[in-house]
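The values are calculated or read from the model by the stated rules, or taken from the named source; none is laboratory data. Remember, predicted model here, so these are calculated numbers, not experimental data. Because the Cβ atoms are built from the backbone with ideal geometry, glycine has one as well, and the counts that use them run over all protein chains shown.
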Amino acid sequence: MKKQAERTDSGNGMAAIALEAKRDGVSYDKQSASPASIPWQQRPADSEEIVWRHLDNPVIGRNFVPGAQGIYNSAVIPFGDGFAGVFRYEKKCRYPRLHSGFSEDGLHWHIEPQPIKFAGDPEVVGKDDYAYDPRVTKIDDTYYITWCGGHEGPTISLASTQDFQTFTRLENAFLPFNRNGVLFPRKMGGKYMMLSRPSDDGHTPFGDIYLSQSPDMCHWGKHRLVMRRGGDHVGQWWQRTKIGAGPIPIETNDGWLLLYHGVIDTCNGFVYSMGAAILDFDEPWRVLYRTNQHILTPETDYEVTGHVPNVIFPCATLCDRQMDRLVIYYGAADTSSCVAYAHLSELVAFTKENSEVF
Ligand code: BMA
């Protein structure tokens, strides 16, 4: 608490309250400013859930446009007068690529029919390889995209854009095999910070979350373990097989709120649920709180049925701090894109009150 008071008093713009601002009467995050209102639906009257689903899910369904088999596990961010996105897009070949998209309201999307073409060092851009599970964040004036890309095996690819029209590939962050590369939305101590999940070349029956630092978005080091999979010894199974960071971490007065996926291996395959953790504000490899239960698990038809049944895979959020509203974008069953809602303050309180750090 002392550290928190110091931060708030310092007036250095770090405290959540200082992130709030108003433009044209609409609240927005300074770090990802957009004048557009974020999507919102109230929690249903008969629900006591901390996270509740958009009633018209999926917002991007199966066969969204002719020839598209699935658009899912995708990232969105405020941009211009509305929102931009980078989408995992699979045609009938089922080979995943990244497509950009735009929306005025965060729910109705125009997705470019052609994949993003990256400029950059030919050694990095290389051959036209697979690309999936993107995340997007804005640091200073630049949007950074991370994703799992093929580079003689899956690892964390990186690109930047200013306008979502032209995209420049940067060096891959890590060696194969790695997945779920998630940048923090600002530098800390002069360093970029990225979460990732060292993996294997297949469907990875293990996985813990690590944090790496970089002075230049090219050289990554100071690797620290953040969270391990497991939970058997503290009476939980939902995250026992593997875990992976989800959306870009969110600054709160209690630390960085991290939504993540936790997986259990059942006799019928993996089940992907969503949990939450709060990481130390200054040393984000330290876990302060971690939900001792999932906060969203596959239940609806579009989550339990699809190309891969029983998958909830969160990749992005939009936040209106003034209204205390959080929108969570998640992929459902490796087939469609969905939205869920929470009150940020409730989610933080719930994570603190239902926590088991191990
Ligand atoms: C993971 C990734 C995700 C996918 C999930 C469930 O390993 O490949 O893209 O959503 O499996 O199939």
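Would you check which residues across the stretch 326-352 are in contact with a Phe, Trp or Tyr (Cβ under 9 Å, 6 or more places away or on another chain), of a type in the set (D, E, K, R) and away from the ligand (no atom under 16 Å from the Cβ) and list them?
Within the stretch 326-352, just LYS352 meets the criteria.
How do the pairs read when you match residues in the stretch 66-82 that are closer than 23 Å to ALA159 by Cα with residues anywhere that are aromatic (Phe, Trp, Tyr) and away from the ligand (no atom under 16 Å from the Cβ), using Cβ under 6 Å and keeping only pairs 6 or more apart or on different chains?
Final answer for the pair search is ILE71/PHE64; VAL76/PHE83.
Do you know which residues across the stretch 137-154 are within 16 Å of the ligand (Cβ to nearest atom) and either in contact (Cβ under 8 Å) with a residue 60 or more places away in the chain or among the hydrophobic types (A, V, I, L, M, F, W, C) (or both)? Explain how you work it out, then say what you get.
Going through the stretch 137-154, the residues within 16 Å of the ligand (Cβ to nearest atom) turn out to be 145-151, 153-154.
Within the stretch 137-154, ILE145, TRP147, CYS148 meet the criteria.
Filter the stretch 178-210 for residues that are assigned to a strand (DSSP E or B) and of a type in the set (Ser, Thr, Tyr) and give the result.
Scanning the stretch 178-210 gives TYR192, SER196, TYR210.
Using beta carbons and a limit of 8 Å, which pairs, at least six apart or on different chains, have the first residue in the stretch 221-244 and free of Cβ contacts under 8 Å to residues at least 60 places away in the same chain and polar (S, T, N, Q) and the second one part of a loop (DSSP other than H, G, I, E, B) and within 16 Å of the ligand (Cβ to nearest atom)?
Pairs found: GLN239/ARG229; GLN239/HIS294; THR241/PRO205; THR241/PHE206; THR241/GLY207; THR241/ARG229.
Which ones in the stretch 232-287 are within 16 Å of the ligand (Cβ to nearest atom), touching a Ser or Thr at 6+ places or on another chain (Cβ under 6 Å) and not in a strand (DSSP E or B)?
TRP238, PRO247
If you check ARG169, ARG97, which single one turns out to be within 27 Å of ILE209 (Cβ to Cβ), at pLDDT 95 or above and within 16 Å of the ligand (Cβ to nearest atom)? Spell out how you get there, then give the answer.
Numbers: ARG169 fails: within 16 Å of the ligand (Cβ to nearest atom).
Answer to the check: ARG97.
Of the residues in the stretch 321-355, how many are farther than 16 Å from ASN253 by Cβ, charged (D, E, K, R) and touching a strand residue (DSSP E or B) at 6+ places or on another chain (Cβ under 6 Å)?
Within the stretch 321-355, residues that are farther than 16 Å from ASN253 by Cβ, charged (D, E, K, R) and touching a strand residue (DSSP E or B) at 6+ places or on another chain (Cβ under 6 Å) number 1.
Conditions: (1) of a type in the set (Lys, Arg); (2) under 30 Å from TRP40 (Cα atoms); (3) over 18 Å from the mean Cα position of the chain (by Cα). LYS117 meets all but one. Number of the miss?
Answer for LYS117: the failing condition is (2).
Could you please give the count of residues in the stretch 133-177 that are assigned to a strand (DSSP E or B), aromatic (Phe, Trp, Tyr) and touching an Asp or Glu at 6+ places or on another chain (Cβ under 7 Å)? Write out each step before concluding.
Start the filter on the stretch 133-177 by keeping residues that are assigned to a strand (DSSP E or B), which leaves 133-139, 142-150, 154-161, 167-169.
Pick out the ones that are also aromatic (Phe, Trp, Tyr) and you get 143-144, 147, 167.
With the extra rule that they be touching an Asp or Glu at 6+ places or on another chain (Cβ under 7 Å), the set shrinks to 147.
So the count comes out to 1.
Report, ordered by the first and then the second residue, all pairs with beta carbons closer than 9 Å, sequence separation of six or more or different chains, a first member in the stretch 288-313 that is more than 16 Å from the ligand (Cβ to nearest atom), and a second member that is basic (Lys, Arg).
These pairs meet every condition: LEU288/LYS352; TYR289/LYS352; GLU299/ARG53; THR300/ARG53.
Of all residues in the stretch 136-153, how many are surrounded by fewer than 24 Cβ atoms within 10 Å (Cβ to Cβ) and on the phi < 0 side of the Ramachandran plot?
Going residue by residue through the stretch 136-153, those that are surrounded by fewer than 24 Cβ atoms within 10 Å (Cβ to Cβ) are 137-144, 150-153.
With on the phi < 0 side of the Ramachandran plot added as a condition, the list becomes 137-139, 141-144, 150-151.
Of the residues in the stretch 136-153, 9 are surrounded by fewer than 24 Cβ atoms within 10 Å (Cβ to Cβ) and on the phi < 0 side of the Ramachandran plot.
List every residue pair whose Cβ atoms lie under 6 Å apart, where the two residues are 6 or more positions apart in sequence or sit on different chains, the first residue falls within the stretch 190-213 and is within 13 Å of the ligand (Cβ to nearest atom), and the second residue, located anywhere, is of a type in the set (A, V, I, L, M, F, W, C) and part of a strand (DSSP E or B).
ARG197/ILE209
Select from the stretch 104-132 the residues that are under 24 Å from LEU158 (Cβ atoms) and part of a strand (DSSP E or B) and write down the one among them that is nearest to the ligand (Cβ to nearest atom).
TYR132
Looking at the stretch 328-348, which of its residues are surrounded by fewer than 23 Cβ atoms within 10 Å (Cβ to Cβ) and hydroxyl-bearing (Ser, Thr, Tyr)?
TYR341, SER345
Only one of (1) in a loop (DSSP other than H, G, I, E, B); (2) under 26 Å from LYS138 (Cβ atoms); (3) more than 18 Å from the chain's Cα centre (by Cα) fails for ALA68. Which number is that?
(2)
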